[in-house]
């Protein structure tokens with residue numbers, strides 16, 4: 001059981017590092033867009049840093065209907081952390097955007113380098129659902145959780161999010177099946193009506209031709 005737990009935790013770490021955190025280069029005048037499927041009423045939190053610092057890029061977020069939710073020219077700012085000993089360390093303060101989704105679908109985050117001479121590095125982390133509004137480091141301090149307990153809490157939230165996604169997919173599958181059944185019935189009725197109309201037209205044509213030939217005494 002312990003080995004299974006460790007295996008699941010490693011998968012969660014792999015999923016978080018592979019899906020959520022992305023680094024890419026923005027050349028001069030280039031735009032890069034990233035998409036994520038999000039359920040309705042889920043929180044979307046995007047966190048990103050830009051290098052070199054104090055360089056601006058245009059950041060936008062669009063909903064599945066291509067409606068603009070967030071649009072801002074953003075620049076990462078340098079800050080100096082003062083440790084207990086030694087000299088201060090310069091770090092880059094990340095920028096954020098947050099939005100609660102109103103509809104289910106594909107939400108698109110776009111990053112555009114509007115300058116024509118400078119190449120910039122962007123590190124982007126996107127969180128959605130139950131894990132988006134939780135600061136696990138703060139939670140660990142408040143509840144005095146051990147590292148393994150924090151990981152188990154992440155796992156619990158991730159599993160809950162997956163279960164919600166599975167319920168949504170099951171609901172969508174049922175709706176799609178009902179739609180397919182409805183379309184199938186309509187096609188069947190249309191085919192039957194078309195056959196009856198064709199049969200009626202051919203029967204009328206035969207009756208008309210018989211009467212015509214009788215009137216001309218050809219038969």
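The values are calculated or read from the model by the stated rules, or taken from the named source; none is laboratory data. From a predicted model like this one, the values you see are computed outputs, not experimental measurements. Cβ sites come from the backbone with ideal geometry, for glycine too, and all protein chains shown count toward neighbours.
Before moving on, here are some points about what is shown:
- Pairs where the first residue, in the range 69-82, is within 21 Å of residue 58 (Cβ to Cβ) and the second is part of a strand (DSSP E or B) and at pLDDT below 80, C-beta under 9 Å, 6+ apart: 76/92; 76/93; 77/92; 77/93; 78/90; 78/91; 78/92; 78/93
- Filtered by the rule that a residue be buried (at least 18 other Cβ atoms within 10 Å of the Cβ) and within 25 Å of residue 121 (Cβ to Cβ), the range 50-70 gives 50, 57, 59, 61, 62.
- Close Cβ contacts (under 9 Å, 6 or more residues apart or on different chains) running from residues in the range 179-190 that are in contact (Cβ under 8 Å) with a residue 12 or more places away in the chain to residues that are exposed (fewer than 10 other Cβ atoms within 10 Å of the Cβ) are absent.
- Yes/no for residue 145 being outside any helix (DSSP H, G or I) and modelled with pLDDT under 85: yes
- Sole exception among (1) assigned to a loop (DSSP other than H, G, I, E, B); (2) surrounded by 14 or more Cβ atoms within 10 Å (Cβ to Cβ); (3) at pLDDT below 90 for residue 98, by number: (1)
- Some residue of the range 75-93 being at pLDDT 80 or above, touching a strand residue (DSSP E or B) at 6+ places or on another chain (Cβ under 9 Å), closer than 30 Å to residue 157 by Cβ and surrounded by 12 or more Cβ atoms within 10 Å (Cβ to Cβ): no
- Of all residues in the range 47-74, those satisfying the criterion of being at pLDDT 85 or above and either assigned to a loop (DSSP other than H, G, I, E, B) or at positive phi (or both) are 63, 64, 65, 66, 67.
Residues are listed down the side, and each one gets a yes or a no for (1) more than 30 Å from the chain's Cα centre (by Cα); (2) in a helix (DSSP H, G or I); (3) at pLDDT below 90:
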| position | (1), (2), (3) |
| --- | --- |
| 153 | no, yes, yes |
| 158 | no, yes, yes |
| 176 | no, yes, no |
| 180 | no, yes, no |
| 183 | no, yes, no |
| 210 | yes, yes, yes |
| 214 | yes, yes, yes |
| 218 | yes, no, yes |
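- Residue within the range 10-20 that is modelled with pLDDT under 70 and within 29 Å of residue 115 (Cβ to Cβ) present: yes
- Every listed requirement among (1) modelled with pLDDT under 90; (2) more than 30 Å from residue 45 (Cβ to Cβ) is met by residue 130 save one, (2).
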